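Notes for the one structure printed next.
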């Protein structure tokens, strides 16, 4: 390293120890709570949301959202000159519309009829359907179980994975669970689509309903009957499967009131003339017959949307082609069979418990549902109402079908989370997780998306002028749904982030190692090297040796808020190490050497510019220079990505510092993402963007920290983190959170997360099984290298759906922790807790009375570790 050995000040260590002691109060980990009830399903074209929340029945116990795309925004809007339109807050965009107000079922028994929105939901038996008998989750089928009298209604909601269109299915199994026959049982369905004027003008409004003006609803008795509804926002075909006995159409008839009023009145089969109305709504009635005890009957309706208002027949044709004569029960069973086949292809990391396997398998489902499959869409010539001109950057004239670049993108979250955008950062973690789980085709498609998408759009922006920014291929923030680079703005200008280049290269190399497929790099090396790898080399700041100032992972924006972020330099160093391996393989020896030398120089610069006196990595060079407020959990990827020896002085000091400054009271094992909500009190604030979003506990940094703790020898702490997130996710229908409230532990902000949630979880359990132990550029900065005990080239047993064979046991014996050893047992990494399986509100580390996971126990060995592991990088 430049400047000699890393200087450690014993006084600073003492201060760190004192800080850790100060936070080590005896208290129990907060119990997990179920607070998320909105279950999304998607087939990569659109998405629907089922809301189970019994606490708000007037707005729940039903489908509440059906969006025309999976993603939040299509593309930027253009003016007559073809320039993008500035709306005062950012560039205007065409946002995805929510086409559904609500949809639900009803039942009639011997006591009359009612909509099931009046019946409580069995929250424990509802959730995602099992992929096999006895399983929980593992499918993209959301279920809701309700009971009316002696009729149990198990409802299934899904977007068919084998339908290459935006559609969904509502199905219901009605079973007599009583002791007497129910005579004349009937089922009802109602779907209130909104196809009128309107469109969101910001990403925060995508969940808002559009208008219901100008809607035309028509019934066609052919083929068992169907509704087709059209309006400004397109056409929706509704094809029932089951014994349809009657139908009704609003607004001419109050179809809702007929069922809601109780009694035994049938829907009226009223005429549906070809005229437009406001609030057109179709309802169906199914004759279930007499149901003896234990007997059941099924109904289903398939809905398909087309962007052309006059393509109702085409939409109905897509529905009929997918149904292919099948009955309602078969539709559901075949969809479960699809997911069972999907599960059989997965590579599950070795050593997982039954609950961990459940979450891992369902995480794979979430990743699959969060990947865009759409590559074309019908666009009208009007944007949000007749006469408001719409333009597109893609070839072709409007109205018409446009081909776009969105296919393969992995979104940061599924709805109702707001982050239904393709961030490269989230996408990189998700892509590696896919490859780890054996989802090779999906990971390949994700990487292809980044290579095919439109990027380099900000190269000439004034903000980047001092950098002489070269042409580049990876978005500096995220992408519109049609595969166009996007950034966002606030009062301090745009976000411009450079971590995506390194993350892409890291994801690409991991994909190669896990899948054995090297074709992407071989077929695209000029693009990858010139517009990704070379860009990182060009972005090295000649003064500091770090990657130039940017907005980085926490998106600090610009105009004086850009920083020398550690995370950006960490990901650049790792990515260039991986690019060097690829360059060597393809015969580009000059670049291989350049990339490797640059990566090692970046590691040197991290030590020289981004570590404090104890060797801990700080958030930014500017905050370290100020001497306070520099704690940032994102830097743990310096350890998780193999830049530094996990049992060396830098990793040891970093883990200790993060625990001393960022540990959250709710979990007592996880971290706030940084200290920006409270740092620099009374002083010059070098992170003025701080808010509660910084102080909540972040799942992504928890899970990356779990990898770092395990590599450091503290399997107990690592398992405690996994257990906390596992129990949270099990309680919340297998949806992994973005954040937890720091004090109560309840879910906060966006759910379900993909790369930062389901993907990060999968990576952490794979790491426990022996993955991702390699050192960057073949050697830690201190010297020596890591290893992967689970094999390196294929990702384990393929196509079995069973846990892979691996020597990684999850125990990591033989390694010593210098961070979390209890005072009473200095020869063990144990916390003295009840173990990872504890259910007493503590999750394996409920109390830290004697220095539990992440606490100050074993501080003599912490100091010894900091002093005794001082090694130079060779």
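The values are calculated or read from the model by the stated rules, or taken from the named source; none is laboratory data. Please read all numbers here as calculations on a predicted model, not as lab measurements. Neighbour counts are summed over all protein chains in view; Cβ atoms, including those assigned to glycine, are modelled from backbone coordinates with ideal geometry.
A quick yes/no check of all residues on (1) under 30 Å from the mean Cα position of the chain (by Cα); (2) more than 22 Å from residue 632 (Cβ to Cβ); (3) crowded, with 19+ Cβ neighbours inside 10 Å; (4) not assigned by TED's automatic domain parsing to the domain that holds residue 672:
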position: 534; (1), (2), (3), (4): yes, yes, yes, yes
position: 541; (1), (2), (3), (4): no, no, no, yes
position: 559; (1), (2), (3), (4): yes, no, no, yes
position: 567; (1), (2), (3), (4): yes, no, yes, yes
position: 572; (1), (2), (3), (4): yes, no, yes, yes
position: 582; (1), (2), (3), (4): yes, yes, yes, yes
position: 598; (1), (2), (3), (4): no, yes, yes, yes
position: 603; (1), (2), (3), (4): yes, no, yes, yes
Checking the structure you have, find out if any residue of the range 288-297 is in a strand (DSSP E or B), under 39 Å from the mean Cα position of the chain (by Cα) and on the phi < 0 side of the Ramachandran plot. yes
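Look at residue 307 and say whether it is out of contact with any helix residue (DSSP H, G or I) (no Cβ under 8 Å at 6 or more places or on another chain) and either without any contact (Cβ under 8 Å) to a residue 12 or more places away in the chain or over 26 Å from residue 484 (Cα atoms) (or both). Explain how you work it out, then say what you get.
Working: out of contact with any helix residue (DSSP H, G or I) (no Cβ under 8 Å at 6 or more places or on another chain): yes; either without any contact (Cβ under 8 Å) to a residue 12 or more places away in the chain or over 26 Å from residue 484 (Cα atoms) (or both): no.
No; evaluated as a whole, the condition is false for this residue.
Which one of 579, 599, 605, 572 is touching a residue at least 60 places away in the same chain (Cβ under 8 Å), in contact with a strand residue (DSSP E or B) (Cβ under 6 Å, 6 or more places away or on another chain) and in a helix (DSSP H, G or I)?
Details: 579 fails: in contact with a strand residue (DSSP E or B) (Cβ under 6 Å, 6 or more places away or on another chain); 599 fails: in contact with a strand residue (DSSP E or B) (Cβ under 6 Å, 6 or more places away or on another chain); 605 fails: in contact with a strand residue (DSSP E or B) (Cβ under 6 Å, 6 or more places away or on another chain).
Checking each option against the conditions leaves just 572.
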So residue 430 passes all but one of these: (1) in a strand (DSSP E or B); (2) in contact (Cβ under 8 Å) with a residue 40 or more places away in the chain. Which condition number does it fail? (1)
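Residue 357: closer than 30 Å to residue 439 by Cα and over 16 Å from the mean Cα position of the chain (by Cα), yes or no?
Details: closer than 30 Å to residue 439 by Cα: yes; over 16 Å from the mean Cα position of the chain (by Cα): yes.
Judged against the criteria, residue 357 is a match.
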Go through the residues of the range 750-766 one by one and say whether even a single one is surrounded by fewer than 24 Cβ atoms within 10 Å (Cβ to Cβ), touching a strand residue (DSSP E or B) at 6+ places or on another chain (Cβ under 8 Å) and either part of a loop (DSSP other than H, G, I, E, B) or modelled with pLDDT of 95 or more (or both). yes
In the range 622-649, which residue that is touching a strand residue (DSSP E or B) at 6+ places or on another chain (Cβ under 7 Å) and in a helix (DSSP H, G or I) is nearest to residue 669 (Cα to Cα)? 633
Taking the condition of being within 40 Å of the chain's Cα centre (by Cα) and over 21 Å from residue 328 (Cβ atoms), how many residues in the range 243-254 meet it? 3
Across the range 198-230, what is the total count of residues that are without any contact (Cβ under 8 Å) to a residue 60 or more places away in the chain and either out of contact with any strand residue (DSSP E or B) (no Cβ under 9 Å at 6 or more places or on another chain) or assigned to a loop (DSSP other than H, G, I, E, B) (or both)? 4
Can you give me the number of residues within the range 238-252 that are farther than 21 Å from residue 278 by Cβ and either in a strand (DSSP E or B) or touching a helix residue (DSSP H, G or I) at 6+ places or on another chain (Cβ under 6 Å) (or both)? 7
Residues to consider are 351, 396, 406; find the one that is touching a helix residue (DSSP H, G or I) at 6+ places or on another chain (Cβ under 7 Å), assigned to a loop (DSSP other than H, G, I, E, B) and either farther than 27 Å from residue 718 by Cβ or modelled with pLDDT of 95 or more (or both). 351
Going by what's in this entry, would residue 373 be described as over 25 Å from residue 314 (Cβ atoms), under 21 Å from the mean Cα position of the chain (by Cα) and either part of a strand (DSSP E or B) or not assigned by TED's automatic domain parsing to the domain that holds residue 132 (or both)? no
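Condition (residue is in a loop (DSSP other than H, G, I, E, B), touching a strand residue (DSSP E or B) at 6+ places or on another chain (Cβ under 9 Å) and crowded, with 24+ Cβ neighbours inside 10 Å) applied to the range 704-724: is it met by at least one residue?
Step one: filter the range 704-724 for residues in a loop (DSSP other than H, G, I, E, B), giving 712-714.
If we keep only those that are touching a strand residue (DSSP E or B) at 6+ places or on another chain (Cβ under 9 Å) too, we end up with none.
No, because not a single residue in the range 704-724 is in a loop (DSSP other than H, G, I, E, B), touching a strand residue (DSSP E or B) at 6+ places or on another chain (Cβ under 9 Å) and crowded, with 24+ Cβ neighbours inside 10 Å.
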Looking for whichever is assigned to a helix (DSSP H, G or I), in contact with a strand residue (DSSP E or B) (Cβ under 8 Å, 6 or more places away or on another chain), under 17 Å from residue 139 (Cα atoms) and not assigned by TED's automatic domain parsing to the domain that holds residue 167 here; the options are 331, 367. Which one fits? 367
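Quick test for you: out of 120, 203, pick the one residue that is surrounded by fewer than 20 Cβ atoms within 10 Å (Cβ to Cβ) and not assigned by TED's automatic domain parsing to the domain that holds residue 249.
Details: 120 fails: not assigned by TED's automatic domain parsing to the domain that holds residue 249.
Going through 120, 203 in turn, the sole match is 203.
Take the conditions under 36 Å from the mean Cα position of the chain (by Cα), at negative phi and touching a residue at least 40 places away in the same chain (Cβ under 8 Å) and apply them to residue 282. Does it pass?
So residue 282 fits the description; yes.
If only one of 736, 699 is modelled with pLDDT of 95 or more, crowded, with 24+ Cβ neighbours inside 10 Å and touching a strand residue (DSSP E or B) at 6+ places or on another chain (Cβ under 6 Å), which one is it? Working first, answer last.
On the way: 699 fails: touching a strand residue (DSSP E or B) at 6+ places or on another chain (Cβ under 6 Å).
Answer to the selection: 736.
Among the residues of the range 374-384, is any on the phi > 0 side of the Ramachandran plot and in contact (Cβ under 8 Å) with a residue 12 or more places away in the chain? Step through it out loud before you land on a result.
Residues of the range 374-384 that are on the phi > 0 side of the Ramachandran plot, as a first pass: none.
No: the range 374-384 contains no residue that is on the phi > 0 side of the Ramachandran plot and in contact (Cβ under 8 Å) with a residue 12 or more places away in the chain.
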Within the range 465-488, residues being surrounded by fewer than 20 Cβ atoms within 10 Å (Cβ to Cβ), out of contact with any strand residue (DSSP E or B) (no Cβ under 8 Å at 6 or more places or on another chain) and in contact (Cβ under 8 Å) with a residue 12 or more places away in the chain number 4
